[in-house]
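The values are calculated or read from the model by the stated rules, or taken from the named source; none is laboratory data. Bear in mind the structure is a predicted one, so any value in this text is a computation, not a measurement. When we count neighbours, we look across all protein chains shown, and the Cβ atoms used for this are built from the backbone with ideal geometry, even at glycine. To get the accessible areas, we keep the full protein, side chains included, count just its heavy atoms, and leave off ligands, DNA and RNA. Shrake-Rupley method; radii C 1.70, N 1.55, O 1.52, S 1.80 Å.
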Amino acid sequence: MKKNVKKNSSGPPRGAKKGKNFPLSKDPFFSSESRKRRKIVDDEIESGESDEDNGFVNEGAENEEFEEETADEKRKRLANEYLEKIREIARRGKEREDEEKDDDDDDDESGDEGGKDSLVAQILQQEQLEDSGRVRREIASRVLKPEARDGFQVLIKHRQSVTAVALSDDDLKGFSSSKDGTILHWDVDCGKGEKYQWPSYEVLKSHGVKDPQGRAARHSKVTLSLAVSSDGRYLASGGLDRHVHIWDTRTREHIQAFPGHRGPVSCLTFRQGTSELFSGSFDRTVKIWNVEDRAYINTLFGHQSEVLTIDCLRKERLLTVGRDRSMQLWKVPEESRLVFRAPASSLECCCFISNDEFLTGSDDGSIELWTALKKKPVYIVRNAHPSSLCCTNLEPKENGAIPNGCMGNGNANLNTSHNLSAHSWVSSVSVCRNSDLAASGAGNGFVRLWALGSDKKDVRPLYDLPLVGFLNSLTFANSGRFVVAGVGQEPRLGRWGRIPASRNGVAVHPLKLS
């Protein structure tokens, strides 16, 4: 007995004439929809009422435009918004100029548009030159003399000496660390601070932390340096545990640890506009990291002693100073370096003025101005921070130069000058970005403001801002509207001096510009 076997045919459905081409799109075999989906669609009943008539509104319809926006379209939109902002600034400037003029003649509209566009181009070009460091902003001449009530205000308190302070590029957020291992994230305007919580040791090991080496029995949380990325997303910290720690500033959580240094991490800096991080250590090396990729890049060798301070601008050039009496300018892509020998016993701090000019502070109390064209300082300010206990004449001379110090003037007591030497060490220097305004700090009770001459290549004193304690870190707001100081009872890297009257914390001093 034969069984009727029903074969599944893959040919055209019944009713299709043989010999003619049947479109595959109409074949149910090649349909991308499932049978269940097709059945639901077929069973749907059409209605004359829409979802909006029934009270149902698609909430995502309003944001549909931004959801479908590509990266290129977003960049174009942001660029157009920025251009509109610049045009508004240019329009206001044009209106102020028109008010000063008494002409009642009607100008051509096309001429007005052309003038506005040229003014916008000038503003954009000026901003680009300032950001690249080719043009120096004249801020020092605009700083007004501080009044008695415009002193330093303690914004954040720490239990022990502050070792580092850092500001975001928008001057709204600040970060500080101290010898007690705390890292604080605070608001510049209101001073409200939040503490970064160190995770457990198991979490740190999962993030890349290695076991303690040498005499260390456990992971040390003492932080010596901080650096924040240009976009304000990442915060880097380094200290006695020989690791570089990466934090997310939005959540204040620990996200990565970079091992590799064989000594304490003494200094950190980000290259402007990138996620490239540089770290200097007591092991005499400088290491390069990519924070975005969580990767190690390279190690730079050259210093013969501990690396103390590091700085970097937008260009791939790195500036470091160490206890080997040298300052080194690294050209990272070429893997080459320029070595500058200091007349002082040790350089303590450094910073870029521009891509070819630098400022350093020494442990003999002097401040040096350097250029990339000379291996020796082009200008030296001796005893920039004389101790008020052994020097009484702190006023500038007639030619504007600082007196040449206690020992040079013969006013020093040989029995006390050695004990007070730590108070005169220039422990921190800072320059307002792309400007001629600088500041230096020591332990003599003052933050000193300086004007950097671009033509004469000199350093002129401006004002003294009283602040008791060791000034372990200084930084300017990018706008030049205030200066932030990290102050403590002890120096940043040791305990060779102590000022009990000092308050451990972060102090802010406003600067009024004309």
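Before moving on, here are some points about what is shown:
- Test: residue in the stretch 379-393 that is over 24 Å from F470 (Cβ atoms), open to solvent by 20 Å² or more (accessible area, probe 1.4 Å), β-branched (V, I, T) and at pLDDT 90 or above: no
- Within the stretch 491-514, restricting attention to residues that are β-branched (V, I, T) and part of a strand (DSSP E or B), the residue that is surrounded by the fewest Cβ atoms within 10 Å (Cβ to Cβ) is V508.
- Considering only residues in the stretch 240-280 that are in contact with a Pro (Cβ under 7 Å, 6 or more places away or on another chain) and either in contact (Cβ under 8 Å) with a residue 40 or more places away in the chain or open to solvent by 30 Å² or more (accessible area, probe 1.4 Å) (or both), the one that is nearest to V209 (Cα to Cα) turns out to be R242.
- Scanning the stretch 335-344 turns up no residue that is in contact with a Cys (Cβ under 7 Å, 6 or more places away or on another chain) and either open to solvent by 30 Å² or more (accessible area, probe 1.4 Å) or in a strand (DSSP E or B) (or both).
- The stretch 364-376: number of residues that are within 23 Å of A422 (Cα to Cα) and open to solvent by less than 30 Å² (accessible area, probe 1.4 Å): 5
- Boolean, R433 is open to solvent by 30 Å² or more (accessible area, probe 1.4 Å), modelled with pLDDT under 90, basic (K, R) and under 16 Å from T163 (Cα atoms): no
- Checking the stretch 180-187 against the condition returns a match, with at least one residue being under 22 Å from I246 (Cα atoms), surrounded by 12 or more Cβ atoms within 10 Å (Cβ to Cβ), touching a residue at least 60 places away in the same chain (Cβ under 8 Å) and of a type in the set (F, W, Y).
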